[in-house]
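*Asks:* Got a structure here, written out as structure tokens. Questions coming.
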Amino acid sequence: MIEVKEPKRIPLIGSLQGMYTVFKHLFKKPITVQYPEEKAYTPARFKFRIFLSMDDCVGCTLCEQVCPNLSIRMIVVERNNPHNKRNLYPQVNFGTCTVCRNCEEICPTEAIYLTHELETARTRNNFFYSPEELQKTESEVKK
């Protein structure tokens with residue numbers, strides 16, 4: 001039987017490589033921001049928050065059908081709207097919404113649209129926004 005000798009490893013080299021990596025990034029500007037006080041940069045084309053114009057919604061359910069992960073469900077809201085005879089309006093679950101913008105693209109009356117508003121007002125247990133809440137800004141929803 002042939003014995004194979006492993007080369008001796010010097011643990012100092014690995015330690016020096018790790019210290020070099022730390023030292024290299026030590027004097028660079030940090031990437032993270034202190035969130036509530038500082039806002040992160042968002043590109044001009046970034047859109048997140050779904051809004052709904054209930055006066056323009058016709059209750060066609062296309063937004064519900066095109067949603068890839070079933071974040072939009074149509075619910076009945078008693079409202080006097082001559083364009084929406086069935087009184088169906090979308091309810092959005094922002095916990096599962098991936099902001100794919102399919103609902104915005106498919107809407108024939110442009111009743112659903114996305115805006116630049118990023119911060120949502122909900123707790124972890126309740127990400128559902130009713131049609132009435134989708135009409136309001138986040139500062140109005142918090143009240």
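*Asks:* Take Cys103 and tell me if it is under 30 Å from Lys39 (Cα atoms) and in contact with a helix residue (DSSP H, G or I) (Cβ under 7 Å, 6 or more places away or on another chain). Quick ask: steps written out before the conclusion?
*Replies:* Working: under 30 Å from Lys39 (Cα atoms): yes; in contact with a helix residue (DSSP H, G or I) (Cβ under 7 Å, 6 or more places away or on another chain): yes.
In short, yes.
*Asks:* Then there is this: Give the range 125-140 a look and list any residue that's more than 20 Å from Phe46 (Cβ to Cβ) and free of Cβ contacts under 8 Å to residues at least 24 places away in the same chain, or say none.
*Replies:* If the condition is that a residue be more than 20 Å from Phe46 (Cβ to Cβ) and free of Cβ contacts under 8 Å to residues at least 24 places away in the same chain, then Asn125, Asn126, Glu133, Lys136, Glu140 are the ones that fit.
*Asks:* Another question, if that's okay. If I filter the range 2-15 down to residues being open to solvent by less than 100 Å² (accessible area, probe 1.4 Å) and not hydrophobic (A, V, I, L, M, F, W, C), which single residue comes out as modelled with the lowest pLDDT?
*Replies:* Out of the qualifying residues, it is Gly14.
*Asks:* From the residues in the range 16-64 that are in contact (Cβ under 8 Å) with a residue 40 or more places away in the chain and not in a loop (DSSP other than H, G, I, E, B), which one is most open to solvent (accessible area, probe 1.4 Å)?
*Replies:* Leu62
Conditions tested, residue by residue: (1) at pLDDT below 90; (2) over 14 Å from Pro131 (Cβ atoms); (3) among the β-branched types (Val, Ile, Thr).
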position	(1), (2), (3)
Arg45	yes, yes, no
Cys57	no, no, no
Pro68	no, yes, no
Lys85	no, yes, no
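*Asks:* Looking at the range 81-118, which of its residues are assigned to a helix (DSSP H, G or I) and either in contact (Cβ under 8 Å) with a residue 60 or more places away in the chain or open to solvent by less than 60 Å² (accessible area, probe 1.4 Å) (or both)?
*Replies:* If the condition is that a residue be assigned to a helix (DSSP H, G or I) and either in contact (Cβ under 8 Å) with a residue 60 or more places away in the chain or open to solvent by less than 60 Å² (accessible area, probe 1.4 Å) (or both), then Asn102, Cys103, Glu104 are the ones that fit.
The values are calculated or read from the model by the stated rules, or taken from the named source; none is laboratory data. Please read these numbers as outputs of a predicted model, since none were measured by experiment. So basically every Cβ, Gly included, is an ideal-geometry build from the backbone, and we count neighbours across all protein chains shown. Ligands, DNA and RNA are stripped out before the accessible areas are found, and what is left, the full protein with its side chains, is counted by its heavy atoms. Shrake-Rupley method; radii C 1.70, N 1.55, O 1.52, S 1.80 Å.
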